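The block underneath contains the structure these notes are about, expressed in structure tokens.
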6 protein chains.
Amino acid sequence: MRIDGRNPKAVRPIKITRHFTAYAEGSVLIEFGNTKVLCNASVEPKVPRFMKGEGRGWVTAEYSLLPRATQTRNSREAAKGKQTGRTVEIQRLIGRALRAVVDLEALGENTITLDCDVLQADGGTRTAAITGSFVALVDAVNTLFKGTGVYPVRDYCAAISVGIGSEGPITDLCYEEDSKAVVDMNVVRTGSGALIEVQGTGEHGTFSRDELNALLDLAETATDDLMKAQKEALGEAAQHIGATYEDSSSDAQ
Amino acid sequence: MRIDGRNPKAVRPIKITRHFTAYAEGSVLIEFGNTKVLCNASVEPKVPRFMKGEGRGWVTAEYSLLPRATQTRNSREAAKGKQTGRTVEIQRLIGRALRAVVDLEALGENTITLDCDVLQADGGTRTAAITGSFVALVDAVNTLFKGTGVYPVRDYCAAISVGIGSEGPITDLCYEEDSKAVVDMNVVRTGSGALIEVQGTGEHGTFSRDELNALLDLAETATDDLMKAQKEALGEAAQHIGATYEDSSSDAQ
Amino acid sequence: MRIDGRNPKAVRPIKITRHFTAYAEGSVLIEFGNTKVLCNASVEPKVPRFMKGEGRGWVTAEYSLLPRATQTRNSREAAKGKQTGRTVEIQRLIGRALRAVVDLEALGENTITLDCDVLQADGGTRTAAITGSFVALVDAVNTLFKGTGVYPVRDYCAAISVGIGSEGPITDLCYEEDSKAVVDMNVVRTGSGALIEVQGTGEHGTFSRDELNALLDLAETATDDLMKAQKEALGEAAQHIGATYEDSSSDAQ
Amino acid sequence: MRIDGRNPKAVRPIKITRHFTAYAEGSVLIEFGNTKVLCNASVEPKVPRFMKGEGRGWVTAEYSLLPRATQTRNSREAAKGKQTGRTVEIQRLIGRALRAVVDLEALGENTITLDCDVLQADGGTRTAAITGSFVALVDAVNTLFKGTGVYPVRDYCAAISVGIGSEGPITDLCYEEDSKAVVDMNVVRTGSGALIEVQGTGEHGTFSRDELNALLDLAETATDDLMKAQKEALGEAAQHIGATYEDSSSDAQ
Amino acid sequence: MRIDGRNPKAVRPIKITRHFTAYAEGSVLIEFGNTKVLCNASVEPKVPRFMKGEGRGWVTAEYSLLPRATQTRNSREAAKGKQTGRTVEIQRLIGRALRAVVDLEALGENTITLDCDVLQADGGTRTAAITGSFVALVDAVNTLFKGTGVYPVRDYCAAISVGIGSEGPITDLCYEEDSKAVVDMNVVRTGSGALIEVQGTGEHGTFSRDELNALLDLAETATDDLMKAQKEALGEAAQHIGATYEDSSSDAQ
Amino acid sequence: MRIDGRNPKAVRPIKITRHFTAYAEGSVLIEFGNTKVLCNASVEPKVPRFMKGEGRGWVTAEYSLLPRATQTRNSREAAKGKQTGRTVEIQRLIGRALRAVVDLEALGENTITLDCDVLQADGGTRTAAITGSFVALVDAVNTLFKGTGVYPVRDYCAAISVGIGSEGPITDLCYEEDSKAVVDMNVVRTGSGALIEVQGTGEHGTFSRDELNALLDLAETATDDLMKAQKEALGEAAQHIGATYEDSSSDAQ
């Protein structure tokens, strides 16, 4: 029996609120139980210097825990003048995960930045950030898409944490479970079932191939559920994912 | 007629949501129209080094705009490694304003940090931050207060921006009004009607003593309204403000 | 009776030395009693990036206390790698104050930077810095002005601190008075009597509208005195302030 | 056929040179083909502040690419004043990997820092760093170990990169292979065959469960080979790994 | 003939003003022609951490060019968040030079910090800083000295720049001479004629042993002159330099 | 008798290994006894901004001690976010020394950066760095030189430390000798016998002109020896040093 009475395979209640703030091209508040992450997607008509003139776009992410997202206050990174190693590691992961489902050529020379600010942290903030950012990304891409050519988002993308607790493999660990787990794994998957990223860590223990497989099985089920939630939240906005459109205006030529 | 149809003297719709996040000792989402600021109050049993052993507490504030709180994305201060001058100026103001209504001796050797993170910015973020932080502060102080002695919060504290627009003095400027105002003033007041801080700036023009008085008149009305909203939001939690309690347990001695 | 025997309304002895250093376009040592601030104005034919090509100029300020300007040594900001919040707040105030009397269009695409380095600090360093910087600014503008069109300096600008001490309102507080004052206010005014900035703070107490008015009355008298001293120090150099000149060379056309 | 003619399953020539520098408690130059990493282990009789007085030790790592380890010069992190996100991510991985095989209680209140400085980089620097650091760690631990109780190193630890290139799964990718691989995975394993860390990334593509399994099979073979090389390099120095010793001196009591 | 008509061997007019500012234990404005450096000596009853409890004191220096000390404005180091390499190099030199004539044991556990802020720079700022700091140091030491034991200042210390210009060796180069010199040398000497530091640099050329000797001859004459000026400026305050006093109060024992 | 039995005039065994790493245009491991410095020379077709379009090149250096190059671990500068004053001072010296023998016009608009990373430090790291960097510089220049015009390297350049120990002047001090020496001097010389830089410091004592001369005599002998070793190490690669070539292809015109 888990702390909150959940089934080992159960994801916490998922809530995805689109248009949470007014100005970002995509703005999503995602909740995995008590974990709440605000994912804002901004579109800017520019690319990093090393990509200029190549006709391709870029997707990147920044992550931050609000100082009092956690049970005790963390010092503010802006005040210290430095992001922690954990922050750097997480924001790199979010960026990589989303780029895996984006067609950068189709994006044109635009940058989409995902700002993931954790309002409340109860475990799984990076997986919630990826899952919520995907929804914000689609809303942001829709402000750019002109209805012809390749739609820049090729597939869904969702992430979940799984781990081995005292009673075996469990899905979507809350903070207390996470701090006791011997193995912790974050898995990012696409809608077509492919893996984007697998990060399993046994700092407080090690794990066997069988355990790895059991964790991946849990992650597959959970990410499938998350992608259903994304699809439902997006509704009409999801219609172009993975599609290519001919330019009918050029048919006449 | 103002952009949003408001009366020159009118404050935008105010909404104060307590317990917005779960872990902070005080957590308030305050809304002044489209401006939304999350004010988390954290209590820590320590004081800055220069105050150690003096038996007094400290109240301080940190402020941040989420990168996409605004119409176009601002770069993240933690990523740049530096807070902007504007951020520094605002967080110093918030701290000073709240300290003016706190009895630091009654607080004991505790620090209360107000983290003001702007989720959405449409003008007046610093005055919303002060007004919301006061409510969070009271909730945080209540976790410390033991029912005897001086209650550490002496009086209410609320703030409003006023300014001179093209048609004269107006209250609670939204972003568009603020960017066009010739004079901009932030006023912080107590429940008993005293002034805590008056900051009037005429960067795009100058102002006369008469104009200053007209602005202060507007600010008095508006901060009175804001303090009513604070009182209503706090309900029972506001009961000790300004009070002193004898220690009944010592009566028996 | 004040610490130094002054009348409550009296400004300390003011001394303005122009051409204090040799290379700056304007260089003024200003003394308010024991407070001594070196104000150097530099003209550079460039503007901040966000203003390029708009044909307007910019006026900005930087402020620093020399480490041993004060009774005990402050650590050097350059060695710590960070300006304090106080420094940031003050230099923003100086810049705003001076911009209020400068016609940025008339300045052309030039930046004037006021470097205010406090050699000795006995209270009122920010008001001395504004008052001295104005004189340095005029000298610097005169190196640019070609004798036709609008002269870039529209009016005088001077600043004074006033406050409420144990015996009531006083003008131009020295350090010891400042550290004991319950209310501290900095007022910046123009030669035509308009207010540019009013910053009143009651961190160690609060203040009423009547007290605010009493302080503003003191500030008016004092800034009038300071502007007389500026005028006297500038002599001939002040002749163009607020003036517009027709271009006689174009009369012939 | 691979770029350098290697079999898909083949690790590049491995060379482990102990005592490469004179002062560190453990100093290893490890070469995976053209990749050369200097791994210095330092023992210091202290622990991070948050662990003081708990009787446990700590193992941590720092990583750096020398500016000209690579084909074109990278700017020096010390000169920029900031470690890159990649550096931060890698040094966290190295620390976690080694802690997984160290008994921190047995280490006592000592910190072992692994400084991994890449002299030459041709892909796989993080896996070479882990594999070489393990050897340096054992040499460093041997300077502390008194012959009784639990030996602080519980098991071997080695790491390898595997990936999916244009012709399928390959082991120990060189830089050119790495930059073209669609999937890249780093695997850290113990001598007893357990997994410590699995990090698979499909930024330039995605991967199936079958592909993941094929990659893990390659990684198992390769890390077994690496641990043989570690064992051979350590010789006598490896004798205590995983052992517990009774304190014979107390037998006499 | 030199730019300013000086004899090749001539030092520029030297002016030493003691008590230039009011609060520092020693405060000297030193002028070498147009070069003006404010040297403040602060005494603090503490030592760097690595010296605690050893009973010895420390002497250190910090150096800064005010932004407009020079012909064109330099950006402010505090604003950039970083001291330049030139600043670091110079302040290390000043500290070393003065420590060479101070008996750190006799100083007790006190730190004397020399803050050298260049108000106007026309070449030779580092040598002026050393020469002026010596005077400020003596004034500061005199606030500590109790009249018995070893006086902490063992000997005089002065510095001069010499160089090889287009017409041969010259003393005390002004900025224009310095920027054209093929060899530039800074020499620090004691009152008893010993060398403390010799830094000769031939970046724009090289130099022979004979040229080195010619430069040292010039430096000897010049530093002798500077030490006369120091002695004169200090007057009575110089009386203890190099002396040891018996404790007469212990005679009675 | 010296610690290691050396003659006072003797340089430690010198070993120069070219092509130590594979990618840099010049890569030299230089050993002065136990001191080992890796000197990598990188050629980049660009110059600092202030030199653009002038047709001249630039030579600069960066220096770093690996954290465990020393007997006890030094904290990593990249992790602290700041280079130490010692590092800054040394890398400026290396750059100046090499520029003195390079014809920047002949180099064209290229920058050569010397990265000097100390793998093991036993005194004399800066002089080893200069001596080794010269060899790496020649290798790097040879990748640019087209066989006509002025060869960019005008002369040899080597450096040695000399000092006054308890038994008089000694050459090439090891760490233990260096920490006890009363005077420490670094001398950089050219192949034609000219001095480039002389830096003598008497922090733990002072020195006379006679002692200075004795030290310079030692330095001359030692640098002559070092330049022989450079010549031998370079072999054929040294053939163009100091030469000018006519462009035979233009003879035909």
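Filter the stretch A:163-192 down to the residues that are under 15 Å from A:Ala128 (Cα atoms), facing another protein chain (nearest Cβ under 10 Å) and aliphatic (A, V, I, L, M), then identify the one that is nearest to the chain's Cα centre (by Cα). Within the stretch A:163-192, the match that is nearest to the chain's Cα centre (by Cα) is A:Val188.
Within the stretch D:193-206, residues that are at the interface with chain A (Cβ under 7 Å from one of its Cβ atoms) have Cβ atoms under 7 Å from residues that are part of a loop (DSSP other than H, G, I, E, B) and aliphatic (A, V, I, L, M) in these pairs: D:Ile196/D:Ala100; D:Gly202/A:Ala100; D:Gly202/D:Val182; D:Glu203/A:Ala100; D:Thr206/A:Ala100; D:Thr206/A:Ala194, counting only partners at least 6 apart in sequence or on another chain. Identify, please: which residue in the stretch E:202-216 is farther than 15 Å from E:Asp172 by Cα, in contact with a strand residue (DSSP E or B) (Cβ under 9 Å, 6 or more places away or on another chain) and modelled with pLDDT of 95 or more and is, among those, surrounded by the most Cβ atoms within 10 Å (Cβ to Cβ)? Restricting to residues being farther than 15 Å from E:Asp172 by Cα, in contact with a strand residue (DSSP E or B) (Cβ under 9 Å, 6 or more places away or on another chain) and modelled with pLDDT of 95 or more, the top hit is E:Phe207.
The set of residues in the stretch F:160-176 that are hydrophobic (A, V, I, L, M, F, W, C) and either farther than 22 Å from F:Lys228 by Cβ or free of Cβ contacts under 8 Å to residues at least 60 places away in the same chain (or both) comprises F:Ile164, F:Leu173. Within the stretch E:231-247, take every residue that is among the aliphatic types (A, V, I, L, M) and not in a helix (DSSP H, G or I) and give me the one that is surrounded by the fewest Cβ atoms within 10 Å (Cβ to Cβ). Within the stretch E:231-247, the match that is surrounded by the fewest Cβ atoms within 10 Å (Cβ to Cβ) is E:Ala243. Each residue in the stretch D:113-128 was checked for being closer than 22 Å to D:Ala238 by Cβ, within 14 Å of chain F (Cβ to nearest Cβ) and in a helix (DSSP H, G or I), and 0 pass. Which of the residues belonging to the stretch B:134-175 are of a type in the set (D, E, K, R) and modelled with pLDDT of 95 or more? If the condition is that a residue be of a type in the set (D, E, K, R) and modelled with pLDDT of 95 or more, then B:Asp139, B:Arg154, B:Asp155, B:Asp172 are the ones that fit. Would you pick out the residues in the stretch B:79-112 that are polar (S, T, N, Q) and either crowded, with 19+ Cβ neighbours inside 10 Å or facing another protein chain (nearest Cβ under 7 Å) (or both)? Matches in the stretch B:79-112: B:Gln83, B:Thr87, B:Gln91, B:Asn110. Of the residues F:Arg76, F:Arg68, the single one that is in contact with a Pro (Cβ under 6 Å, 6 or more places away or on another chain), facing another protein chain (nearest Cβ under 9 Å) and surrounded by 18 or more Cβ atoms within 10 Å (Cβ to Cβ) is F:Arg76. As for the stretch B:34-56, it holds at least one residue that is part of a loop (DSSP other than H, G, I, E, B), facing chain A (nearest Cβ under 10 Å) and touching a strand residue (DSSP E or B) at 6+ places or on another chain (Cβ under 9 Å). For the stretch D:85-109, filtered to residues that are under 20 Å from the mean Cα position of the chain (by Cα) and not in a helix (DSSP H, G or I), the residue that is farthest from D:Phe50 (Cα to Cα) is D:Val101. In the stretch B:16-33, the residue that is surrounded by the most Cβ atoms within 10 Å (Cβ to Cβ) out of those that are part of a strand (DSSP E or B) and facing chain A (nearest Cβ under 10 Å) is B:Gly26. Between D:Ile90, D:Ile112, the distinction of being within 30 Å of F:Ala24 (Cα to Cα) and in contact with a strand residue (DSSP E or B) (Cβ under 6 Å, 6 or more places away or on another chain) belongs to D:Ile90 only. If you check C:Thr223, C:Thr127, C:Thr190, C:Thr131 for being modelled with pLDDT of 95 or more, closer than 26 Å to C:Gly57 by Cβ and touching a Lys or Arg at 6+ places or on another chain (Cβ under 6 Å), only one passes: C:Thr223. Out of curiosity, is B:Ala214 more than 26 Å from B:Leu137 (Cβ to Cβ), out of contact with any Asp or Glu (no Cβ under 6 Å at 6 or more places or on another chain), small (Gly, Ala, Ser) and not in a loop (DSSP other than H, G, I, E, B)? The answer is yes for B:Ala214. Looking across D:Arg56, D:Arg126, one residue alone is more than 28 Å from D:Lys180 (Cβ to Cβ) and either among the charged types (D, E, K, R) or crowded, with 22+ Cβ neighbours inside 10 Å (or both). It is D:Arg56. For the stretch F:140-157, state whether one or more residues are assigned to a helix (DSSP H, G or I), surrounded by 24 or more Cβ atoms within 10 Å (Cβ to Cβ) and not acidic (Asp, Glu). Within the stretch F:140-157, one or more residues are assigned to a helix (DSSP H, G or I), surrounded by 24 or more Cβ atoms within 10 Å (Cβ to Cβ) and not acidic (Asp, Glu).
The values are calculated or read from the model by the stated rules, or taken from the named source; none is laboratory data. Source: prediction; values computed, not measured. All Cβ positions, even for glycine, are placed from backbone atoms using ideal geometry, and neighbour counts span all protein chains on display.
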